[in-house]
Amino acid sequence: MDVVELDRIAVREAVRVVELARGGDDGDWARDTPCAGWDLRRLVAHMTAQHHGFAAAARGVGGEPEHWREPAGTGEPARAHRAAADAVLAAFAEPGVPEREFVLPELGGGFAGRMAIGFHFVDYVVHAWDVAATLGVRLRLADEVLAAALSVARRVPADPAGRGPGFAFAPALRVPEGAGPLEETLRLLGREPQAWPGTGG
């Protein structure tokens, strides 16, 4: 599978698990997540903003800050997230997108489209897991998708100076011998799957 198809699979799985959330401010949306300091509502707002930002980058306007802003006060976070997911998948599916340059301000500038879509892909494998872990459900991602995500995760720079608060990923964690591809991906990108049992990590 090419990276656009891999990304589509990861994004659709993220949509599926987000839509399992129930209740209002005192329900699932108020649960703590593996993203320290964020409840589920804030995590999904971040995911929604990232979809809009990457869609803008695919259209050549990723350098404009308004495309990356988190939605304020949405009463239906799952619906807003699904609309943003549809927007980014439509943008990535346009002819020639993998050959375009994407401007990604959070990552410091311009990147080849194929590489940028790879960043989005691994991010949504991890964020789908974040949501699944929050809700105590398992991911439904095929082994070949998880193996592709691991390949991307292994190429993410692990320099501690570029990890932690204010950066895309937390510091990498030790990967135990025999870890599967999802667990290794999560640990390389700063997640502790053993703290969130039952999610397939």
Note to self: I need the shape label for segment 74-157. Rule: rounded when a/c is under 1.5, else prolate if a/b > b/c, else oblate, with a, b, c from the alpha carbon gyration tensor.
What the structure shows: oblate
Notebook entry, point to check: What percentage of the solvent-accessible surface of the chain, computed with a 1.4 Å probe over protein heavy atoms, is contributed by carbon and sulfur atoms?
Noted result: 53
Notebook entry, point to check: Hey, what's the per residue convex hull volume over the C-alpha atoms of the chain, in cubic angstrom?
Noted result: 108
Notebook entry, point to check: Peptides 42-49, 174-181: what's the order by average Cβ count within 10 Å, highest mean first?
Noted result: 42-49, 174-181
Note to self: Show me the helices of the chain, taken as full DSSP H stretches, that run 24 Å or more along their long axis by Cα and average 0.0 or above in Kyte-Doolittle hydropathy.
What the structure shows: 40-58, 113-135
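Pop the C-beta distance of Ser151 and Arg22 into the FRET formula with R0 = 25 Å and round what comes out to the nearest 0.05. Don't skip to the end; give the middle numbers.
Numbers: r = 35 Å, r/R0 = 1.39.
E between Ser151 and Arg22, to the nearest 0.05, is 0.10.
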Next item on the list: For the chain, report the accessible area per residue in Å² (1.4 Å probe, heavy atoms, rounded to an integer).
Entry: 47
Margin query: Expected output is a single nm value to one decimal: the length gained when fully extending between Val137 and Glu99, i.e. 0.36 nm times separation in residues minus the C-alpha distance. What is it?
Written below: 10.0 nm
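The values are calculated or read from the model by the stated rules, or taken from the named source; none is laboratory data. What you see is a predicted model, and the numbers here were worked out from it, not measured in a lab. Please note: Cβ atoms are built from the backbone with ideal geometry, for glycine as well, and neighbour counts cover all protein chains shown. Just the protein is used for accessible areas: all its heavy atoms, side chains included, with ligands, DNA and RNA removed. Shrake-Rupley method; radii C 1.70, N 1.55, O 1.52, S 1.80 Å.
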